[in-house]
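Just below is one structure, and these are the notes that go with it.
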Amino acid sequence: MAEDALKDVPDGVPGGVPGGGAAERRDLAVRAAVGQGLVGGDDGAEALVCLLDADGIEASAAALRAAFGAAVPPGTPVLHCFAVKAAPLVPVLRLLSAAGIGCEAASAGELALARAAGVGADRTVLDSPAKTRAELREALALGIAVNADNAQELDRIDALMASAPSRSPLGLRVNTQAGAGAIASTSTATATSKFGFALRDPGAREAVVAAYLARPWLTRLHTHAGSQGVPLALSAQGVREVFELAEEVNAAAGRRQIDTIDIGGGLPVDTGSDDTGPTYAEYVRVLREVVPGLFSGRYGLVTEFGRSLLARHGLVLSRVEYTKSSGGRAIAVTHAGVQVATRTVYAGASWPLRILAYDAKGVPRGGDALVPQDVAGPACFSGDLLAEARPLPLLRPGDVIAVPGTGAYFFTAHYAYNSLLRPPVHAFRSTPDGLRFTLVRPAQTLSDLLQEAGARHRDALLHGARSSPAGV
C-alpha cells in the first residue's frame, strides 16, 4: 500500500472538509482508516494506529496568526513558534513551518528536529532550563534566540559572548510567580517553579534590571505564565507583569533596550469535548484588556504555543483485543495504554480522555445501552487504564476505540514500558474524493527495538568483554 497514494473513503462515506464538524470529520477518519486497512482486523492491519488531521493543524496555525495579526499595528514583528515537545515529529514541524510557525526547542534533540524540518535559526528559540555549554555555543553560533533561565547560565553566555559575539537575540526568562492553575505539575508561574528568575524573591527584580543594564545585548524578555489548567486571566496577569518589567528596564536604560517580549504559550485545551474554546482570538481579547500596551507596536512579540495547535487534531485508534469481566465490572483490553497516554494512566484526574466506540467496520456504536466498563491498555500493571467504569456501548472483540484530543503530549511522545512498539502515525487530508493518508512516522519494528536495547552489544557485560573507549 503506497504511503502517499490517494485513498478513497469506503462507499457511502462523503469526503470531509476542514470546516466540517469535529465529530463528523472524526467519524469519517475512523471509518476510512478501518476500511483502508490501516487499523482493525488481523489481516495485515495494525492493532494500534495514530492519526493527525493535517487540515486541522493548518487551520489552527492560521487562526493563531490571524488573532495576533489583527491586534498589532502593521509592521510589528510577530514570531509564532511551536513548542516542539508537544509533537516532536519532523513532518509536523515542516507542516507548521510552511504555515508560518517556527520552533521553540528545549533540548539539543529538539533543536536537531527543528533543523531537520528546515526551520531557520531566525525562527527558532531555545528555552531549556538546563542548557549545556555545548548547546549554548551551538545556538549562539547559528544565531538562534536564547532565553537564559538563571544567573549561572547568564554567566556562561557572558563568557561565550566575550569570546565570539553572536547575532542571536538574547533575553532572560522570568517567573512572575503569579500563581498556580488546576494542575500543579504543569503550572510554571508558582512561587517555587524551577523555571526562570523568580521575580518576587527579595532583591530579584532589582537584580534582573541590573543584568539588563550591564548587558546591552540583552534585548528580549520571556515568560511562560500558563499551561494546561491555567485560566486565561492568570496567564494574562503574568504577561502584564512582564510587560511592566520591560517598561521598567527601558526607562532605567533610557532607551528601548528590550525590543521583544516572548509571552510563551499555554492556551488550555478541553479534551473532554469537541468545544474549541478558548480560542486564540479570545486570548488576544483578554490580553488587550489586561495589558493593552503589549499591542502598541513598541515591542515585537514571540509566542510558543504547543498543545493548542495540535491536541484537537490527533486521534488514537485501537482494536479491542479481548473483553472480560471481573468483580462485575466489564473490561475491554485494547492496545492503547500507558505507551500513548502516559499522563492519563498515571494522573487520570488531571488528564482525562474521551473514549469513543466503533464497530469492526469503523461505524460509531450508537443506540446501544451504555455499560460501565474499564478500557485497559496492554501494559503489565494494573493501573494501565485509559478509563475506569466509563459508560460505553458494551465493547466486543474486533471493535475499535478512538481516543480524541491526543495530538499533543500523548502518542507523539512514546513511553516504552514493556518494550511496547511505537505505533505508526498517519496524517490525513480532505480531497474531493475522500481522505488521503500519508505516513508521518512508521511503526517501530522489532529490529529497531533490539538495536535501541543494545543488541549489538549483547556480550558487553560478560567477563572478558572488550571495554569501550571512554565517552562511548
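One table, with the values for the structure above:
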quantity: Hits in the range 384-421 (condition: surrounded by fewer than 21 Cβ atoms within 10 Å (Cβ to Cβ) and within 19 Å of L446 (Cα to Cα)); calculated: A413, H414, Y415, A416, Y417, N418, S419, L421
quantity: Given (1) surrounded by fewer than 16 Cβ atoms within 10 Å (Cβ to Cβ); (2) in contact with a Leu (Cβ under 6 Å, 6 or more places away or on another chain), number of the condition G314 does not satisfy; calculated: (1)
quantity: Residues satisfying the stated conditions in the range 242-272, i.e. without any contact (Cβ under 8 Å) to a residue 12 or more places away in the chain and surrounded by 17 or more Cβ atoms within 10 Å (Cβ to Cβ); calculated: N250
quantity: Every pair of residues 6+ apart whose Cβ atoms lie under 7 Å, when the first sits in the range 229-241 and is touching a residue at least 24 places away in the same chain (Cβ under 8 Å) while the second is crowded, with 19+ Cβ neighbours inside 10 Å and in a helix (DSSP H, G or I); calculated: G229/T186; L232/Y283; A236/L287; V239/L287; V239/L294
quantity: Any hit, the range 20-34, residues being in contact (Cβ under 8 Å) with a residue 12 or more places away in the chain, under 24 Å from the mean Cα position of the chain (by Cα) and in a strand (DSSP E or B); calculated: no
quantity: Condition met for L136 (at pLDDT 95 or above, more than 25 Å from E58 (Cα to Cα) and assigned by TED's automatic domain parsing to the domain that holds V230); calculated: yes
quantity: The range 409-451, residues that are out of contact with any Asp or Glu (no Cβ under 7 Å at 6 or more places or on another chain) and farther than 19 Å from S318 by Cα; calculated: T431, P432, L435, R436, L446, S447, D448, L449, L450, Q451
quantity: Residue list for the range 367-380, filter: over 32 Å from the mean Cα position of the chain (by Cα) and part of a loop (DSSP other than H, G, I, E, B); calculated: G367, D368, A369
quantity: Qualifying residue in the range 340-353 (condition: more than 13 Å from F410 (Cβ to Cβ), in a loop (DSSP other than H, G, I, E, B) and either modelled with pLDDT of 95 or more or outside the structural domain of H414 (by TED's automatic domain parsing) (or both)); calculated: no
quantity: Extreme residue, nearest to R255 (Cα to Cα), among residues of the range 283-311 that are modelled with pLDDT of 95 or more and of a type in the set (D, E, K, R); calculated: R298
quantity: When residues of the range 182-226 are limited to those that are closer than 22 Å to A86 by Cα and crowded, with 23+ Cβ neighbours inside 10 Å, the one modelled with the lowest pLDDT; calculated: A189
quantity: Residue, farthest from L421 (Cα to Cα), within the range 443-469, restricted to residues that are surrounded by 13 or more Cβ atoms within 10 Å (Cβ to Cβ) and within 25 Å of the chain's Cα centre (by Cα); calculated: D448
quantity: Every residue from the range 159-176 that is out of contact with any helix residue (DSSP H, G or I) (no Cβ under 6 Å at 6 or more places or on another chain), closer than 19 Å to E104 by Cα and either part of a helix (DSSP H, G or I) or among the polar types (S, T, N, Q) (or both); calculated: N175
quantity: Among the candidates R396, R429, residue that is over 14 Å from Q339 (Cα atoms) and assigned to a loop (DSSP other than H, G, I, E, B); calculated: R396
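The values are calculated or read from the model by the stated rules, or taken from the named source; none is laboratory data. Keep in mind that this is a model prediction, so the values were computed, not measured. All Cβ positions, even for glycine, are placed from backbone atoms using ideal geometry, and neighbour counts span all protein chains on display.
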